[in-house]
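The values are calculated or read from the model by the stated rules, or taken from the named source; none is laboratory data. Note that the coordinates shown come from a computational prediction; the quantities given were computed from them, not determined experimentally. Ideal geometry is used to build each Cβ from the backbone, glycine not excepted, and the neighbour counts take in all protein chains shown.
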Amino acid sequence: MRKIIVLLDSRAEYGILKNTLEGIQKSEKLELNIVVTGTHLMDQYGYTVKEIIDDGFRIIKEIPVKGHENEKIRIPVEMGNLMISLSDVFLEAQPDILLLFGDRYEMLAAASVAVGMHIPIAHISGGESTEGAMDEQIRHAITKMAHIHYPGSSVYANNIWKMGEESWRIFDVGDPGIENIKNISFIEKSALESDLKIQINRKTLLVTYHPVTLEISNLEWQINNLIGALDNYDGTIVITYPNSDEGSEVIIRKWKEFTQDRANTCLVPSLGSRKYLSIMKYCGAVVGNSSSAIVEAPYLKVPVINIGTRQKGRIMADNILCCGYRRREIELAIARALSEEFYMSARQSESLYGEGNTSKEIIESLENIEINEKLLKKKLYWDE
């Protein structure tokens, strides 16, 4: 059996990859080995490794984050420590393929180790663009390290090809987030309302705001403007924590201050994929700068207010309104998104990220692709 190692580092990617993980686990030709790190092992983010264990997946190693108190060097220190730990894990496990998702710095650390140990890398969701975040550089660096590519759309597949990757390495499988929605059993609205102790309806806003890593100097101004825009809003607001990038502690502190004595507002470190998508299905609009608003929300035909530059460069459906960081811009975008006219328009939007067969196509590729000298020896290919 082929031994596949999958690195999981955050709540978001686990929910997106769950169908693929189940497919690998059920395969008679593949052996699933999960390594967990990052926010999955952090109490302040809900210690979400419990969800992975409860779902019956085997974890071969948990690697707690070892960072640094100086925020400017925290990420490179974490990457260095993670590389050391992963070197030992890979040496012991002897994987045939390392499967990575997305553009987190933890994934870059894992890819660097795999390259040094001559382990083939399969990369999900390459070829995308997010101009406001350092994820842009990380994603493309992993693409050039990877030997097998699973982009989320034909546009992104073409971007990978333009980067000099040979076409036989690229599998246009669609985004796993779409498959996740197609297969999920949504939680009843009444059960969500009972759990969160709020009402959920077409005036409910689902808010997630991550640090824009290339604009950290004005992060506090950004979040203050968003809070200002929400301050006089009379509907229900559900807010989730940001990721753990530099600046996340500022956002969390501001959200705690905002929600402390505010009625009809709920702040949750982690909702989990099923609960998050269920709220998205029933809410009036998704607000912030999360990729879930770009990929999953169009499939559910929910209006989106995409703030700032973090997602700039991604292909976007017609249900998405983009606005700047200023308070008034955000207020106007929310008002338009919640209007009957835009709601009806959003109901006509179409997903741009595949048909929801992602995991099946990834599993078939992992089972059948030849692991040989041709796979490992990459070359630039500008014309085919």
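Structural remarks
- Test for Ile294: is it touching a helix residue (DSSP H, G or I) at 6+ places or on another chain (Cβ under 6 Å) and among the β-branched types (Val, Ile, Thr): no
- The stretch 277-291 - residue that is of a type outside the set (Val, Ile, Thr) and touching a strand residue (DSSP E or B) at 6+ places or on another chain (Cβ under 7 Å) and, of those, surrounded by the most Cβ atoms within 10 Å (Cβ to Cβ): Ala285
- For the stretch 36-64, the candidate set comprises residues that are in contact (Cβ under 8 Å) with a residue 60 or more places away in the chain and not small (Gly, Ala, Ser); within that set, the residue that is surrounded by the fewest Cβ atoms within 10 Å (Cβ to Cβ) is Gln44.
- Filter pass, Leu99 being closer than 23 Å to Lys360 by Cα and crowded, with 19+ Cβ neighbours inside 10 Å: yes
- Summed over the stretch 72-112, residues that are of a type in the set (Lys, Arg), closer than 26 Å to Ile160 by Cα and in a helix (DSSP H, G or I) total 0.
- Remark: Gly23 matches the filter, which requires a residue to be outside any strand (DSSP E or B), closer than 28 Å to Asn368 by Cβ, under 22 Å from the mean Cα position of the chain (by Cα) and modelled with pLDDT of 95 or more.
- Residue match in the stretch 159-168 (condition: among the small types (Gly, Ala, Ser), surrounded by 15 or more Cβ atoms within 10 Å (Cβ to Cβ) and over 22 Å from Glu296 (Cα atoms)): no
- Residue that is nearest to Ser129 (Cα to Cα) [pool: residues in the stretch 155-171 that are outside any helix (DSSP H, G or I) and free of Cβ contacts under 8 Å to residues at least 40 places away in the same chain]: Met163
- Output for the stretch 115-135, where each listed residue is buried (at least 24 other Cβ atoms within 10 Å of the Cβ), on the phi < 0 side of the Ramachandran plot and without any contact (Cβ under 8 Å) to a residue 60 or more places away in the chain: His123, Gly126
- Considering (1) over 22 Å from Val65 (Cβ atoms); (2) touching a helix residue (DSSP H, G or I) at 6+ places or on another chain (Cβ under 8 Å), the lone condition that Asp96 does not fulfil carries the number (2).
- Checked against the criteria, Val295 does not count as in contact with a strand residue (DSSP E or B) (Cβ under 9 Å, 6 or more places away or on another chain), surrounded by 18 or more Cβ atoms within 10 Å (Cβ to Cβ), β-branched (Val, Ile, Thr) and at negative phi.
- Candidates Ile75, Ile142, Ile138, filtered to the one that is within 19 Å of the chain's Cα centre (by Cα) and under 22 Å from Ser365 (Cα atoms): Ile142
- Evaluated against (1) in contact (Cβ under 8 Å) with a residue 12 or more places away in the chain; (2) not in a strand (DSSP E or B), Leu206 falls short on exactly one condition, (2).
- When Pro242, Pro303 are checked against the criterion of being in contact with a His (Cβ under 6 Å, 6 or more places away or on another chain) and in the same structural domain as Arg326 (by TED's automatic domain parsing), a single residue qualifies: Pro242.
- The number of residues in the stretch 180-200 being among the hydrophobic types (A, V, I, L, M, F, W, C), assigned to a helix (DSSP H, G or I) and assigned by TED's automatic domain parsing to the domain that holds Thr265 comes to 3.
- Criterion violated by Lys377 - all others in (1) within 26 Å of the chain's Cα centre (by Cα); (2) free of Cβ contacts under 8 Å to residues at least 40 places away in the same chain satisfied: (1)
- Residue match in the stretch 2-16 (condition: in contact with a strand residue (DSSP E or B) (Cβ under 8 Å, 6 or more places away or on another chain), surrounded by fewer than 21 Cβ atoms within 10 Å (Cβ to Cβ), closer than 18 Å to Leu91 by Cα and touching a residue at least 12 places away in the same chain (Cβ under 8 Å)): yes
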